[in-house]
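Engineer: Take this structure first; my questions come after.
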Amino acid sequence: MTTVDRPAAATVELRPVDVDSFRGLLRRQASTVTVVTTPGLRGNRMRADLPPAGFTATSFTSVSLDPPLVSVCLGASSSWPTVEQAEHVAVHLLASGQQEIAQIFATGGIDRFTAHPGWTIGPFGVPLIGDALAVVLCRVVRRIEAGDHTILLGEPLALGAGEDGDPLLHHRGGYTTTLGDRPEAW
């Protein structure tokens with residue numbers, strides 16, 4: 001029998017969690033940058049009209065393949081009143097080079113759809129942003145309150161793919177991307 005000596009593992013120091021250290025740890029995780037859009041809603045006697053909404057999110061993930069489900073998280077923002085009542089949303093996976101779009105939809109106090117004119121109206125009146133790597137049109141199936149955010153669960157109804165390319169990522173508080181094509185030999 002042959003035995004192999006294992007190298008000594010580095011010691012990991014664990015500390016209590018506080019908001020600043022938790023935020024610092026999360027900055028180390030690279031996340032895909034998405035923009036989520038939803039149509040405006042007509043009001044009635046009890047509620048005013050709500051404008052279309054769009055926001056930048058880095059907390060998008062697949063949840064289930066059977067049935068197909070995705071999730072996206074939203075904190076308190078000017079988009080919330082519309083998103084809270086929306087029946088449909090579109091999640092746009094941004095490509096490298098689309099930092100300006102991400103920044104526009106992350107900026108509060110502006111009309112994001114006027115600031116970025118590169119969109120059209122899609123099914124169910126959902127605004128669709130052009131040139132994204134991919135778009136997932138979803139029916140909202142559930143909203144789950146989770147701390148200072150709300151998790152939206154969506155059932156994908158339609159998929160759209162733009163040109164294949166590198167994704168826009170958020171890492172260490174800024175935008176970056178992958179290294180591009182892999183070399184032939186690994």
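Engineer: Name the long-range amide H neighbours of ALA57: under 5 Å, sequence gap of 5 or more, or other chain; modelled H, no Pro or chain starts.
Structural biologist: Placed amide hydrogens put THR34, VAL35, VAL36 under 5 Å from ALA57.
Engineer: Of the listed peptides 62-71, 24-33, 122-131, what is their order by residue-averaged count of other C-beta atoms within 10 Å, with the highest listed first?
Structural biologist: On the way: 62-71: 12.4, 24-33: 14.4, 122-131: 17.1.
So the order, starting with the most tightly packed, is 122-131, 24-33, 62-71.
Engineer: Suppose a student asked you for the relative contact order of the chain, using Cα pairs under 8 Å spaced at least 6 residues apart; what percent would you report?
Structural biologist: Values: 341 pairs, mean separation 44.3, N = 186.
Relative contact order here is 24 percent.
Engineer: Calculate the spin-label point distance for GLU13 paired with SER77, positioning each point 7 Å from the Cα along the beta-carbon direction, and give it in nanometres.
Structural biologist: 3.6 nm
Engineer: Same structure, new question: Per residue of region 82-98, in order, report the coupling 6.51 cos²θ - 1.76 cosθ + 1.60 (Karplus, θ = phi - 60°) as ³J(HN,Hα) in whole Hz, putting x for Gly and Pro.
Structural biologist: Karplus values, whole Hz, x for Gly and Pro: 6, 4, 4, 10, 5, 8, 9, 9, 10, 10, 10, 7, 7, 8, 4, x, 9.
Engineer: If you take the alpha carbon radius of gyration of region 56-173 and divide it by 2.2 N^0.38 Å, what ratio comes out, to two decimals?
Structural biologist: Details: Rg = 13.9 Å, N = 118, 2.2 N^0.38 = 13.5 Å.
The reported ratio for this selection is 1.03.
Engineer: Related question: Which residue, HIS88, HIS170, HIS149, has the most motion in a Gaussian network model of the chain that connects Cα atoms within less than 10 Å?
Structural biologist: Checking each option, the largest mean-square fluctuation is seen for HIS149.
Engineer: Work out the charge dipole of the chain with +1 on the Cβ of Lys and Arg and -1 on the Cβ of Asp and Glu about the Cα centre, then indicate which of PHE60, SER96, TRP80 is farthest towards its positive end.
Structural biologist: The residue sitting most towards the positive pole is TRP80.
Engineer: Once amide H atoms are built 1.01 Å from N in the peptide plane, which residues 5 or more positions from LEU157, or in another chain, come under 5 Å H to H?
Structural biologist: Counting only residues 5 or more places away or on other chains, the set is LEU137, CYS138, ARG139.
Engineer: If you don't mind, another one. If the elastic network links every pair of Cα atoms under 10 Å, which of ARG139, ARG42, ARG112 fluctuates the most in the Gaussian network model of the chain?
Structural biologist: ARG42
Engineer: Moving to a separate point now. Restricting to DSSP H runs of at least four residues, report the calculated mean residue ellipticity at 222 nm for the chain, -39500 (n - 2.57) per run over all residues, nearest 500 deg cm²/dmol. Write down the numbers at each step before the final one.
Structural biologist: Numbers: 4 runs with 26 residues, N = 186.
My calculation for the chain gives -3500 deg cm²/dmol from helical runs alone.
Engineer: Hey, in the GNM for the chain with a 10 angstrom Cα cutoff, which one of THR61, THR176, THR34 fluctuates hardest?
Structural biologist: THR61
Engineer: With θ set to phi - 60°, apply the Karplus curve 6.51 cos²θ - 1.76 cosθ + 1.60 along region 140-157 and write out the HN-Hα couplings as whole Hz, x wherever there is a Gly or Pro.
Structural biologist: 6, 9, 6, 10, 10, 6, 9, x, 8, 10, 10, 9, 9, 9, x, 9, x, 9
Engineer: Which one, THR11, ALA161, ILE144, is farthest towards the positive end of the dipole of the chain when Lys and Arg carry +1 and Asp and Glu -1 on their Cβ?
Structural biologist: Going by the Cα projections, it comes out as ILE144.
Engineer: Given a 1.4 Å probe and every protein chain left where it sits, what share in percent of the accessible area of region 1-84 is carbon and sulfur? Show your work: numbers first, answer last.
Structural biologist: On the way: 3600 of 6390 Å².
Accessible surface attributable to carbon and sulfur in region 1-84 totals 56 percent.
Engineer: Let me know the charge dipole size of the chain about its Cα centre in debye, to the nearest 20, where only the beta-carbon of Lys, Arg (+1) and Asp, Glu (-1) is charged. Display every interim value, and only then the final one.
Structural biologist: Details: 14 positive and 19 negative charges, 104 e Å.
Roughly 500 debye for the chain.
Engineer: Let me ask another. Around ALA76, what is the net charge, scoring Lys/Arg as +1 and Asp/Glu as -1 over all other residues with Cβ under 15 Å from its Cβ?
Structural biologist: Values: positive: ARG143; negative: GLU84, GLU145, ASP148.
Residues near ALA76 contribute -2 overall.
Engineer: Something else: Hey, what's the chain come to in accessible area per residue, 1.4 Å probe, Å²? List each step's numbers first, then the result.
Structural biologist: Details: 12590 Å² over 186 residues.
So the chain comes to 68 Å² accessible per residue, rounded to a whole number.
Engineer: At 1.4 Å probe size, what's the solvent-accessible area of SER77? Round to the nearest 10 Å².
Structural biologist: 50 Å²
Engineer: Name the long-range amide H neighbours of GLY122: under 5 Å, sequence gap of 5 or more, or other chain; modelled H, no Pro or chain starts.
Structural biologist: LEU128
The values are calculated or read from the model by the stated rules, or taken from the named source; none is laboratory data. Given the structure is predicted, the values throughout are model-derived calculations rather than measurements. Heads up, the Cβs are rebuilt from the backbone with ideal geometry, glycines too, and the neighbour counts pull from every protein chain shown. To get the accessible areas, we keep the full protein, side chains included, count just its heavy atoms, and leave off ligands, DNA and RNA. Shrake-Rupley method; radii C 1.70, N 1.55, O 1.52, S 1.80 Å.
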